[in-house]
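What follows is calculated from the coordinates using simple rules that are stated; it is not laboratory data. The structure displayed is predicted, hence computed values, not measured ones. Positions of Cβ are backbone-derived with ideal geometry, glycine not excepted, and every protein chain shown enters the neighbour counts.
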Amino acid sequence: MKIFDSHCHLDDKSYDNDLDEVIRRAHAAEVCAMMQVGIDLCTSQKGVSIAHRFDHVYASVGLHPHDAKSGSEEKIAAFGALAEDTRVKAWGEIGLDLNRMYSPQSDQEHWFVRQLEAAEAAGLPMIFHERDSEGRFLQLLKPHWGPHRQGVVHCFSGTDDELDAYLSMGLCIGITGILTVKTRGETLRRMVRRIPVEQLLVETDAPYLTPTPERNKFRRNEPAFVRTVLFKLAEIRQVSAEEMASATWNNTCRLFHITGE
């Protein structure tokens, strides 16, 4: 069985002292590939370096909505230069977060749209972050979307109507360890039953969102634990773990244009 963790942050300082062991544990858990996701210029640069250090680790570049207030055309150009690296397979994570509001909404919206344009020029699929935007994310996205574009809504936590809109646009849906949490994951467990299998991805968002039961033992999430997410998803959809692993592996490779795996 081969499992693809479609979204993790191996650049996080919590991995600085044992990243080799983290990768080894992932491989032991049959997590054979990982997408290292950038959230600003520094983490994007570090992520590309990590992707070159480890086989089957890939990188994305981009400016997270939390950091949108630091956006500039110089950073867009720097992301574009990084995007030419062969290990870079996506642009993100980008989007809107109107829950925590670490950056003003006007900055979030401006740099979201600007990065949609830059990613299209670079020919890269997108990794999206959306939280509590009440439809604004979709309003900004739709004019820049079309059948030639690809992306994933990472850590999906939206409404039924938002899910329908994402699916109709051909977007993939990233499922995290929230699926395994008794109360917080109840709505998500209902909604994942109706997502077409070809649009499902599994992810950790490590070091965050540790699934159950690992979160009872470990404070830090890591790619090996995406196995728990996969098994729970398979259980809910009443298919074998092997079938779900194969589907999500193929979906992730197709989305990120990864061949020969």
note = Filtering the range 86-106 down to residues that are crowded, with 16+ Cβ neighbours inside 10 Å and farther than 24 Å from residue 156 by Cβ yields 87
inquiry  = Given (1) in contact (Cβ under 8 Å) with a residue 12 or more places away in the chain; (2) closer than 26 Å to residue 45 by Cβ, identify the lone condition not met by residue 86.
reply    = (1)
key: Listing of strands (runs of 3 or more DSSP E) fully contained in the range 124-179 that carry 2 or more residues being surrounded by fewer than 23 Cβ atoms within 10 Å (Cβ to Cβ), out of contact with any His (no Cβ under 7 Å at 6 or more places or on another chain) and among the hydroxyl-bearing types (Ser, Thr, Tyr)   = none
key: Counted residues, the range 48-66 - those being buried (at least 21 other Cβ atoms within 10 Å of the Cβ) and either touching a Ser or Thr at 6+ places or on another chain (Cβ under 8 Å) or free of Cβ contacts under 8 Å to residues at least 40 places away in the same chain (or both)   = 7
ask   = Listed residues 2, 46, 69; which is of a type in the set (Lys, Arg) and touching a strand residue (DSSP E or B) at 6+ places or on another chain (Cβ under 8 Å)?
value = 2
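If you go through the range 210-229 one residue at a time, how many are hydrophobic (A, V, I, L, M, F, W, C), closer than 15 Å to residue 25 by Cβ and touching a residue at least 24 places away in the same chain (Cβ under 8 Å)?
Pass one, the range 210-229, residues hydrophobic (A, V, I, L, M, F, W, C): 218, 224-226, 229.
Narrowing further to those that are closer than 15 Å to residue 25 by Cβ: 218, 224-226.
In the following step, the residues that additionally are touching a residue at least 24 places away in the same chain (Cβ under 8 Å) were identified as 224-226.
Total meeting the criteria: 3.
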Residue identified as in a helix (DSSP H, G or I), out of contact with any His (no Cβ under 6 Å at 6 or more places or on another chain) and buried (at least 17 other Cβ atoms within 10 Å of the Cβ) among 201, 209, 233 = 233
key: Pair list, Cβ < 8 Å and 6+ apart or interchain, from the range 120-145 residues that are under 20 Å from residue 205 (Cβ atoms) to residues that are exposed (fewer than 14 other Cβ atoms within 10 Å of the Cβ)   = 125/257; 131/99; 131/100; 132/99
